[in-house]
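Working notes, beginning with the structure itself.
Nothing in this text is a laboratory measurement; each read-out follows from the coordinates by a stated rule. Every value quoted in this text rests on a predicted model; they were computed, and no experiment measured them. As a convention, Cβ positions derive from the backbone with ideal geometry for all residues, glycine included, and neighbour counts pool all protein chains shown.
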Amino acid sequence: MTLLEIEFENIIREYGGIITKICYSFAYDADEFKDLRQEVLYNIWKGLPHFQNKSKLSTWIYRVCLNSCITFQRKEKKFQKVSMDALLNLSDDFETPELEKYEVINAMIKKLGYEDRALILMWLDELSYEEISNLTGLNRNTVASRIKRIKEKLIKMKF
């Protein structure tokens, strides 16, 4: 096994959860999820020899995942279905059982554009505004205000 193959396996082992979560958030169904995850893994494999350690490996993985998903989204022009625990904390006045809460959240997220989904996903993964700014190329203050607007939009959607 080559050093590159070992490094790739380590990446999948360490960041597989994040990769899966991001792909799931952009996939419309199970088949599309599999295709998208395969595309992301291929792009990580293809880009790994060019990774220059100018950022953290986790930041680079995140960027490859999001760029792959957004590119796929633009090509397919489909919308996603996602499940994210942290959205439950946007508003505590849900009067529904836990499973129903996830269905409500999925429906709300499905209405967002892919850029807003990417931003809220990064925020939910507890990336700092600086990290999100580095990943997206947006100004830090722009990231903060867009995330604030997205959260407000999600809260308003449930009414």
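Taking 0.36 nm per intervening residue step and subtracting the Cα-Cα distance, what contour gain separates K54 from N67 on full extension?
On the way: separation 13, 0.36 × 13 = 4.68 nm, distance 1.78 nm.
Using 0.36 nm per residue and subtracting the Cα-Cα distance, I get 2.9 nm.
Determine, from the Cβ-Cβ distance of W45 and M1 and an R0 of 22 Å, the FRET efficiency 1/(1 + (r/R0)^6), rounded to the nearest 0.05.
Calculated transfer efficiency: 0.95.
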